[in-house]
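The values are calculated or read from the model by the stated rules, or taken from the named source; none is laboratory data. Here the structure is a predicted model, which means the values were calculated and not measured. As a convention, Cβ positions derive from the backbone with ideal geometry for all residues, glycine included, and neighbour counts pool all protein chains shown.
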Amino acid sequence: MQSQKNNNWWFEVRSLWQDTESQLVFDLEGKFDFETADNIKTLTPLDGRVFFSRVDEENVLVRIKDLKIKVELECQKCLEKFVQEVYFEELSEVFYAWSENSDDWSWDWESGGVDLAEFLREKILLSLPAIPVCRRDCKGICAQCGANLNKQKCKCVSQKKSHQPSPFDGLEKLFTREK
Ligand SMILES: [Zn+2]
Ligand SMILES: [Zn+2]
């Protein structure tokens, strides 16, 4: 498909079969769009290196090294945006020319190209936290007034601390008296 060749993540690998070359190496770089994941904004271009080599008569081994990208996520506790760094030291996967298994990654024998866009998208998305939190000790927002408790203390908190009558007050007195 012609359109696929226009994306940054499409690589011609036919020469692995035509020449005696045993490996092809390319830089991975460019703006990466998460087409189907609406809430993910990329803050840096994707960066890394990709190595292609033949596994056998028709399949390609893809190895990606030092894959880096920064994305913006929304903290589920305080609702502020924060920067999440994604880094893979190495990813490796076989791309098959013909495979019956829909879980396998495939490459296009006809055009001689490997399109890594979907592969990269999936690896990056799966590496992101299911529940993004800006930092371990994020205090979140106040359920009553909506203040970001990382930035300010609201009055609701101090009200909570002030003594309110509770059904256990009587019990407490009971125990103190027995001592
Ligand atoms: Zn937060
Ligand atoms: Zn509050």
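Does segment 98-115 include one or more residues that are at pLDDT 95 or above, away from ligand 1 (no atom under 16 Å from the Cβ), surrounded by 12 or more Cβ atoms within 10 Å (Cβ to Cβ) and acidic (D, E)? Scanning segment 98-115 turns up no residue that is at pLDDT 95 or above, away from ligand 1 (no atom under 16 Å from the Cβ), surrounded by 12 or more Cβ atoms within 10 Å (Cβ to Cβ) and acidic (D, E). Out of the residues in segment 79-104 that are outside any loop (DSSP other than H, G, I, E, B) and hydroxyl-bearing (S, T, Y), state the one that is nearest to D66 (Cα to Cα). Out of the qualifying residues, it is Y87. The residue of segment 129-153 that is surrounded by the fewest Cβ atoms within 10 Å (Cβ to Cβ), among those that are of a type in the set (G, A, S) and within 10 Å of ligand 2 (Cβ to nearest atom), is A143. In segment 67-74, the count of residues that are in a loop (DSSP other than H, G, I, E, B) and within 16 Å of ligand 1 (Cβ to nearest atom) is zero.
Among residues of segment 129-149 that are in contact (Cβ under 8 Å) with a residue 60 or more places away in the chain, those with a Cβ under 7 angstrom from a residue that is basic (K, R) and within 9 Å of ligand 1 (Cβ to nearest atom), sequence gap 6+ or separate chain, pair up as C138/K77; G140/K77; L149/K139. Of everything listed in (1) modelled with pLDDT of 95 or more; (2) surrounded by 13 or more Cβ atoms within 10 Å (Cβ to Cβ), the single unmet condition for E89 is (2).
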